[in-house]
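Colleague: Submitted below is the structure of interest, expressed as structure tokens.
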Protein chains: 2
Amino acid sequence: MFMAGPYASRLLADGGAEVIKVEPPGGEFMRKSNPLRGAYSGFFGHLNCGKKCITLDLKDPGDLAVIHALMPTVDVVLENFRPGVTARLGVHYDDLSELRSDLIYCSVSGYGQTGPAAQLPAYAPIIHAASGVDLSLTEYALDQDQPVPNRSTAADILAATHAFGAICAALVHRQRGGGGDYIDVSLMDTMYHMMGYEVQTAQIDNPPRPITFGPTKTKDGFIIIAPISQLNFEALARAARHPEWLEDARFSTVLGRANNWETMMAEVAKWAKEHDADDCVAVLSREGCPCTK
Amino acid sequence: MFMAGPYASRLLADGGAEVIKVEPPGGEFMRKSNPLRGAYSGFFGHLNCGKKCITLDLKDPGDLAVIHALMPTVDVVLENFRPGVTARLGVHYDDLSELRSDLIYCSVSGYGQTGPAAQLPAYAPIIHAASGVDLSLTEYALDQDQPVPNRSTAADILAATHAFGAICAALVHRQRGGGGDYIDVSLMDTMYHMMGYEVQTAQIDNPPRPITFGPTKTKDGFIIIAPISQLNFEALARAARHPEWLEDARFSTVLGRANNWETMMAEVAKWAKEHDADDCVAVLSREGCPCTK
């Protein structure tokens, strides 16, 4: 249901797998979700195209028997119930691997199958907040403590792609004779995978203020500039006609720029506000500095 | 270099692959990047642990010969140069697949190997801006046109996980006798994978205003609440002691809530501001409504 599981199995379907999506009576939640085209949800179609769908009431023994009968020909089972639900329903790895010993079974959940948070209900926005991504990725930029409202689905899509990769890796392992596997993907873990910088700074005293990328105002709109490498920075100095930046100790090295990022971007902003966005992007691109409107 | 390629090969190393990372003379950019532990970058370590590293100048024929000599035993080549560079250096898929016919070769780039934007320099922040993620995921929340500064690396990590999954899928295909593959992963494509809702609304007239998740202010701090499913909403109405919401046509169905989301959350905010954050989270969690501080 929802996004993480369906997007993972959409990737499998895109790759050529025959995917059978099992929905509860009445169909899954997303079938009624905006945006609608007539009575049908475009968003549901986006996440589920290429799959076969079947409606089953897993609490009904006859319907559960349909799952069990399918198992000998099933390579992979993917589920994203809250931990504990599959065992209650009789579709846990322990149940289904008895019917197919080399089964690959992937669970996707908010906080993983075990641990103190395992039973907490979780959607992507909750995981973003709980992981610190919402606040830590913007707090320096905003100099305020209030997280920015958003409708990112990063945790869902990252969990889905990690699940897709892990399932394919398990298939490689099985083809080499390694047997089946149980895979435990959590949305929370994938957020920490996106926060390598933060995970590292949390382990040192007095970490440096991180670089934040934000809009630069021009005469007629915003652009974004990312002078990350030495060559990018040299291109920026050429584009803005400030060759003296190349000799300025605050800016002339990677670490210097990292530690004086806002000062440097304030200088860049003085240049940008005198020009149209298109002109800024044209000259920056010509010189080789990454940017866009 | 940087993040997308290194994180993809870190996932391969974590999965048991022997990964040989080829760096230019002097080492790659991230070795000098914050946060540092003494002379060493924690961020570089985070992205590259578990790999063997070798320094080669690919413009030197002797060093290039080292790559070519390795090829018969190499299963996968992963590169994230700007399109065109590998051909100039003699390490393009066409060069290396002559030395190993069933080679799996994955390119990771900003905008893909072909098309009008292929040669534009690109880092994650540029791709976020160009894709519309930065603006479209927050514009309704902020009711302003200025994107929010941030230091998200979503495009890098999403491209890395898509590359990891695609490489593993290609290994499955090869093990089944399908031969080698060339894989073209672009950061931009992975952004659109994260924007399924937006991709769909862009195709219909007068799309509904989307749901945005944001902080709800309590007496002593912010919480986030995601009453997405019917059960979640009923739990919220119980927790806030507003049983009349269950009968309110604006809120009582999935589509009703989607179309009246801000009105509903304004009602929720009236309740939350009378209570401490811990108390809100405790009662919401007890009733079964997803939330966190």
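Just so it is clear, none of the values below were taken in a lab; they were calculated from the coordinates. Everything numeric here is computed off the predicted structure, so don't read it as measured data. Heads up, the Cβs are rebuilt from the backbone with ideal geometry, glycines too, and the neighbour counts pull from every protein chain shown.
Colleague: With +1 on the Cβ of every Lys and Arg and -1 on the Cβ of every Asp and Glu, and nothing else charged, how large is the dipole of segment B:216-292 about its Cα centre, in debye rounded to the nearest 20?
Modeller: Charge dipole of segment B:216-292: 100 debye, to the nearest 20.
Colleague: Per-residue mean of other chain beta-carbon atoms within 10 angstrom of the beta-carbon, peptide B:42-50?
Modeller: Rounded to a whole number, the mean comes out at 3.
Colleague: I've got another one for you. Can you list the aspartates and glutamates whose alpha carbon sits under 12 Å from that of B:LYS52, skipping same-chain ones fewer than 8 residues off?
Modeller: Result set, ordered by chain and number: B:GLU18, B:GLU23.
Colleague: Let me ask something additional. Show that you can apply the helix-only estimate: for chain A, add -39,500 (n - 2.57) for every DSSP H stretch of four or more residues, divide by all residues, and state [θ] at 222 nm to the nearest 500. Walk me through the intermediate numbers first.
Modeller: Working: 15 runs with 125 residues, N = 293.
Taken over chain A, the calculation gives -11500 deg cm²/dmol.
Colleague: How many partner chain Cβ atoms sit within 10 Å of a residue's Cβ in peptide A:115-122, on average, as a whole number? Please report the intermediate quantities before stating the final value.
Modeller: Values: counts 0, 0, 1, 0, 1, 6, 13, 4.
Mean shielding by partner chains, rounded to a whole number: 3.
Colleague: Arrange the peptides B:47-55, B:8-16 so that the one whose residues have, on average, the most other Cβ atoms within 10 Å appears first. Working shown, then result.
Modeller: Numbers: B:47-55: 15.6, B:8-16: 20.7.
Highest mean packing first, the order is B:8-16, B:47-55.
Colleague: Working only with C-alpha atoms, what are the Rg and Dmax values of chain B, expressed in angstrom?
Modeller: Values for chain B (Cα only, Rg and Dmax): 24.7, 78 Å.
Colleague: Still on this structure, I have one more. Return, in residue-number order, each cysteine of chain A whose C-beta is not under 4.7 Å from any other cysteine's C-beta.
Modeller: Taking the Cβ cut-off of 4.7 Å, the unpaired cysteines of chain A are A:CYS49, A:CYS53, A:CYS106, A:CYS280, A:CYS289, A:CYS291.
Colleague: Which whole-number percent gives the relative contact order of chain B, counting Cα pairs below 8 Å spaced six or more residues apart?
Modeller: Dividing the mean separation by the residue count of chain B yields 15 percent.
Colleague: May I pose another question? Counting other C-beta atoms within 10 Å, which of B:THR73, B:THR190 has the fewest, and how do the rest follow?
Modeller: Details: B:THR73 8, B:THR190 26.
Ordered by Cβ neighbours within 10 Å, fewest first: B:THR73, B:THR190.
Colleague: Please compute, for peptide B:219-231, the average count of beta-carbon atoms on other protein chains lying within 10 Å of each residue's beta-carbon.
Modeller: 4
Colleague: Simple spin-label model, 7 Å along Cα-to-Cβ: A:ARG286 to B:CYS49 in nm?
Modeller: Each label point lies 7 Å from its Cα, and together they span 4.7 nm.
Colleague: Now for a different question. What do you get for GluC sites (Glu not before Pro) in segment B:202-293 restricted to DSSP loop and a cutoff of at most 16 other Cβ within 10 Å of the site's Cβ?
Modeller: Filter output for segment B:202-293: B:GLU274.
Colleague: What ranking do A:LYS273, A:LYS21 get, fewest neighbouring Cβ atoms within 10 angstrom at the top?
Modeller: So the residues, fewest neighbours to most, are A:LYS273, A:LYS21.
Colleague: Once you place label points 7 Å from the Cα toward the Cβ at B:ALA266 and B:HIS242, how far apart are they in nm?
Modeller: 1.1
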